[in-house]
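Please treat every number below as a calculation from the coordinates, not as lab data. Predicted, not measured: the structure shown is a model, and the values here were computed from it. Note: ideal-geometry Cβ built from the backbone for every residue, glycine included; neighbour counts use all protein chains shown.
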Amino acid sequence: MKKGYIIFLNNINTKAYFILKILNKEAQFIIPSIICFFLFILINSKRFFLLSDLSYWSGNLINQPYRILSYSFVHKDFNHLLSNLFGIVVVRYCFINLNLKNIFLFLYLIILLIPIKTFYLFIIDNFLFYNPNHLLVGFSGIIFGTFSFILLSSIYGKEYILNIFIGLKKNNQIYRLMTFFLSLGIVYSLLPSISLSGHIAGILSGFIIFFL
């Protein structure tokens, strides 16, 4: 009886360890997905925030700097949210095929992409197009920035980012996939109500981060 109980506990420990190991590897993709989904529920409940409360607002970014962090994680509707969650799935697939060796890379990229692409947008909106009322939401800028980072990594490989080992290898299949998605994304960005500037800012930011 005691021996069977010990075997039962060992099986539970083994399964728990296996689950925790998987969660540890997948956390960089799960965390931003949960944040996006949680904020979507909060906004649609209309009890705490409105979409406009957390969106990028070019003319009010300095007075309300929290928007710099919030706008990338809120979405205008469920289809918008799903398309960006699909983008995270594509990012995961690409990193796996590039032999990613770091369990935090996607989180590092998010942290770097948000301020860089926001800076681009702020300069473009306020000093190039003089548009202080540009509103923008969505995770797609980060997705496009990560795609452009992956594109260059698939061509040249990328061992380190800011002296942190990530171990990305060259991969021609991923290069073709990223070329397709980026080309399709730019064409899609030309449609009405889609932010071309947000996507381009993300792409340029990803290229810059690649050289860090």
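Observations on the structure shown:
- Within a Gaussian network of the chain (alpha carbon springs, distance under 10 Å), most fluctuating of Ile150, Ile164, Ile186: Ile164
- Extension gain from Val89 to Phe119, taking 0.36 nm per residue of separation minus the Cα-Cα distance: 8.1 nm
- Length gained on full extension, Tyr160 to Leu107: 17.6 nm, using 0.36 nm per residue less the C-alpha separation.
- Under-5 Å amide H pairs with Lys170, H placed in peptide plane, nonlocal only: Gly157
- Exposure proxy shown here: for Leu42, Leu100, Leu105, the number of other Cβ atoms within 10 Å sets the order, fewest to most, as Leu42, Leu100, Leu105.
- In terms of other Cβ atoms within 10 Å, Tyr188, Tyr56, Tyr175, Tyr66 run from fewest to most in the order Tyr66, Tyr188, Tyr175, Tyr56.
- At R0 = 22 Å, FRET efficiency that the Cβ-Cβ distance of Gln64 and Phe129 yields, to 0.05: 0.60
- Number of Lys-Lys pairs in the chain with C-alpha atoms under 28 Å apart and a separation of 8 or more places or on different chains: 25.
- Estimated from helices alone, the mean residue ellipticity of the chain at 222 nm is -22500 deg cm²/dmol (sum of -39500 (n - 2.57) over DSSP H runs with n ≥ 4, per residue).
- Extension gain, Leu50 back to Phe38 (0.36 nm per residue minus Cα-Cα distance, nm): 3.0 nm
- The mean of 1/r over all pairs of different alpha-carbon atoms in the stretch 97-178, once inverted, gives a Kirkwood hydrodynamic radius of 14.2 Å.
- All Cα pairs of the stretch 2-210, percent lying beyond 28 Å: 34
- Couplings 3J(HN,Hα) of the stretch 116-133, computed from phi: 5, 5, 5, 4, 4, 4, 4, 5, 4, 6, 9, 10, 9, 9, 6, 10, x, 10 Hz, in residue order, whole Hz [Karplus 6.51 cos²θ - 1.76 cosθ + 1.60, θ = phi - 60°; x for Gly and Pro].
- Applied to the stretch 139-152, the Karplus parametrisation 6.51 cos²θ - 1.76 cosθ + 1.60 on θ = phi - 60° returns per-residue 3J(HN,Hα) values of 8, 5, x, 5, 4, 5, x, 5, 4, 5, 4, 5, 4, 5 Hz, with x for Gly and Pro.
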